[in-house]
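The structure appears below as structure tokens.
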Number of protein chains: 2
Amino acid sequence: MAQKGNLMTVRSDIKILDATIRDGGLVNNFNFSDEFVNDLYRANVKSGVDYMEFGYKASKEMFDVERFGKWKFCDEADIRGIVGDNNSDLKIAVMADVGRCDYKKDIVDRDLSVIDMIRVATYIHTMPAALHMIEDAKAKGYEVTCNIMAISNAQESDLDMALDMLAKSPVDGIYLVDSYGSLYPEQIRSLADKYVAVAESADKYVGIHAHDNQQLAFANTIEAAARGVSLLDATMSCLGRGAGNCAMELLLGFLKNPKYNMYPALKFIEEQVTKLKAEGMVWGYDIPYFLTGRLNLHPSAAIDCVKEGRTDYTEFYTELLDRS
Amino acid sequence: MAQKGNLMTVRSDIKILDATIRDGGLVNNFNFSDEFVNDLYRANVKSGVDYMEFGYKASKEMFDVERFGKWKFCDEADIRGIVGDNNSDLKIAVMADVGRCDYKKDIVDRDLSVIDMIRVATYIHTMPAALHMIEDAKAKGYEVTCNIMAISNAQESDLDMALDMLAKSPVDGIYLVDSYGSLYPEQIRSLADKYVAVAESADKYVGIHAHDNQQLAFANTIEAAARGVSLLDATMSCLGRGAGNCAMELLLGFLKNPKYNMYPALKFIEEQVTKLKAEGMVWGYDIPYFLTGRLNLHPSAAIDCVKEGRTDYTEFYTELLDRS
């Protein structure tokens, strides 16, 4: 597939989704202060960011509300506590995991909600359940994406089938997700071509959500964009699980659309993200994350390794080899 | 230009150069312990790294030997103190800056030296002086590369002329250098095509030296490799000035040639690099480096900003705008 756009022009189809709270919440169990979320919302509005993901719609039967911050559940009242009626151009997104939410009950009709977009996260083998959720959310009036996770471990034929199922579904956007941060730009380009071909034939768009285990989150995001992927996930200063995500500041610095403004994002990082770092919250590239990414493994072992302050990287690597 | 090789095959023309001491020396004025350099040499040999750059051949008239560690000068005896007669497959490189060395005196004949490669670093406007140095080093029997710095600020026509001068020179390799970490993969691909076309027509090779200001050092390095660039610079755990360089561990993890082995590099990082971090040596991606990279400026202001512990990123950004 040919390159779309270039470094001098605006691709008006490109949109940014800020996933700071949702992916960063995996680091601190969603215990962000209201001030943090408030400031982030306002920074996103000012920076021209198109969507802000507030967190998960997790089941309160499966997850103890005492053990997690409110953004794991994203109650309507809690979002409205930040955004009011959201009188801005920024759209509000939440993620709903297959098998970990009570979507029929917890996702209300769009006209009763301040939420604009439901992001259905699924593994390949739970696609039928994901399709039910997609149909439910579309029937309720939402913009809906489907984020197929862990595709670096999936069979290509299964992935093709999943994309075909989504093409025939009412979903609006299909997400290319590099869950383990294991994919190289070369692979991202070829996957982007595959996703974009399927999506365009069904009048849908493609998004990308990258991880920085191999310091490729930003590179993979802009390489995917150059192949026609148009909804780009980023987080402030990479904040996110393990090695983190594509940095919002890098993405805002890269895109040429004058509606984007890096300055408010920098201000937010300066005022809020540096505070989290000073308080000891840990994320970003580190050897253990590189090793799980390199071996195409879930980052959980690396997260434990970093949490325990281990720097016996060779021993950790040997342990991982036994799991891969 | 078409892609060379793929993710399943070996490109036997590809070689790795470890620039840890030379680029890292810009952070600590070359004050590495002998143990560090010794262990690094042995790790590089075991990892199958092809070249190790020990530092600069700087003029002792211009630079005070009391103020810098010995790797700023790379005396023959000091290198031999680490490598003996270097009975290994690893080749030894040093860098010589145009206008900052006494190459006629300080670079001795190859058969009297344990050094294998001279890397001549130059700006576009000092190309004539660089050519003198290249001719001198070639006449003395060395493998010679020319590293044209700061090309992101050069006129394309000047760059074309410089490449043409090098094509006609006896230099062995021409380096694509992203001094400010300002170039995106799209630009690197197009520059790599330009460099490789010129080099191939003159039977020379092309190298790449990247910086991580926009978290693109590794991505730019492997993208350049895919276009035919064959000498790849990396440093252990990115150690290098400002945002640092392409990480050796990432590169060793990426390349498929079975002669490369990531394990000894990991061991070195675990035993030596973590110590430097613990002692307070600072390098790696940070907002100020991103901002100079984004604005295509020399990282010096960002280095000062980080050194002073400033996190007033918006103020720093405004200051930079006045300089760009």
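A short reminder: the numbers here are calculations on the coordinates, not readings from a lab. From a predicted model like this one, the values you see are computed outputs, not experimental measurements. We place every Cβ from the backbone using ideal geometry, glycine too, and count neighbours over all the protein chains shown.
Table for the structure above
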| quantity | calculated |
| --- | --- |
| Spin-label model distance (nm) - A:N257 vs A:V65, 7 Å beyond Cα toward Cβ | 3.6 |
| Global form of region B:6-158, assessed from the alpha-carbon gyration tensor, a/c cut-off 1.5 | rounded |
| Exercise: per-residue mean of other protein chain Cβ atoms within 10 Å, B:261-272 | 4 |
| Percent antiparallel among DSSP beta bridges (both partners in region A:157-261, rounded to 5) | 10 |
| Residue-wise HN-Hα coupling along region B:42-52, computed from phi with Karplus coefficients 6.51, -1.76, 1.60 (Hz; x: Gly, Pro) | 5, 5, 5, 4, 5, 7, x, 4, 8, 9, 10 |
| Residues B:L183, B:L131, sorted so that the one with the fewest Cβ neighbours within 10 Å comes first | B:L131, B:L183 |
| Copy-to-copy label separations for A:D34, where each label sits 7 Å from Cα toward Cβ, in nm and ascending | 6.4 |
| Difference of contour (0.36 nm per residue) and Cα-Cα distance, B:N38 to B:A139 | 33.3 nm |
| Gyration tensor over alpha-carbon atoms, the protein assembly as shown, equivalent ellipsoid semi-axes in Å | 46, 24, 23 |
| Inter-chain Cβ neighbour average for residues A:216-224, partner chain, 10 Å | 4 |
| Shape of chain B, Cα gyration tensor, a/c cut at 1.5 | rounded |
| Unsatisfied cross-links (Cα-Cα over 23 Å) in the set B:K70/B:K168; A:K72/A:K204; A:K72/A:K267; A:K15/A:K194 | B:K70/B:K168; A:K72/A:K204; A:K72/A:K267 |
| Ranked A:V144, B:V94, criterion: other C-beta atoms within 10 Å, fewest first | A:V144, B:V94 |
| Ellipticity estimate at 222 nm from DSSP helix runs (n ≥ 4, -39,500 (n - 2.57)) divided over chain A, nearest 500 | -11500 deg cm²/dmol |
| Across the identical copies, how the B:Y263 labels are spaced - nm, sorted shortest first, 7 Å along Cα→Cβ | 5.5 |
| Packing-based exposure ordering (other Cβ within 10 Å, fewest first) of B:T20, B:T122 | B:T122, B:T20 |
| Efficiency of FRET from Cβ geometry, A:L321 and B:E315, R₀ 41 Å, rounded to 0.05 | 0.30 |
| Nearest-20 debye value, the protein assembly as shown charge dipole, Cβ charges on Lys, Arg, Asp, Glu | 520 |
| Nm distances between copies for B:H298, ranked from closest, using label points 7 Å along Cα→Cβ | 5.0 |
| Residues A:E76 and B:K277, FRET efficiency given R0 of 51 Å [Cβ-Cβ distance, rounded to 0.05] | 0.70 |
| Whole-Hz couplings from phi, Karplus 6.51/-1.76/1.60, listed for region A:288-299; x for Gly and Pro | x, 5, 4, 5, 5, x, 4, 8, 6, 10, 4, x |
| Distance-filtered residues of region A:229-265 - backbone nitrogen under 14 Å, label point 7 angstrom along A:T9 Cα→Cβ | A:256-257 |
| Linear extension gain, B:D85 paired with B:L112, 0.36 nm per residue minus alpha-carbon span | 8.6 nm |
| Shielding score for B:178-191, defined as the mean number of other chain Cβ atoms within 10 Å | 2 |
| Whole-Hz ³J(HN,Hα) from phi, Karplus 6.51 cos²θ - 1.76 cosθ + 1.60, for region B:207-218, glycine and proline x | x, 9, 10, 10, 10, 9, 3, 10, 6, 10, 4, 5 |
| Distant-in-sequence amide H partners of A:I174 (H built 1.01 Å from N, under 5 Å) | A:C146, A:Y205, A:V206, A:G207 |
| Rel. contact order, % - alpha carbon contacts under 8 angstrom, at least six apart, region A:1-102 | 32 |
| Prolate/oblate/rounded call for region A:145-298, Cα gyration tensor, a/c under 1.5 rounded | oblate |
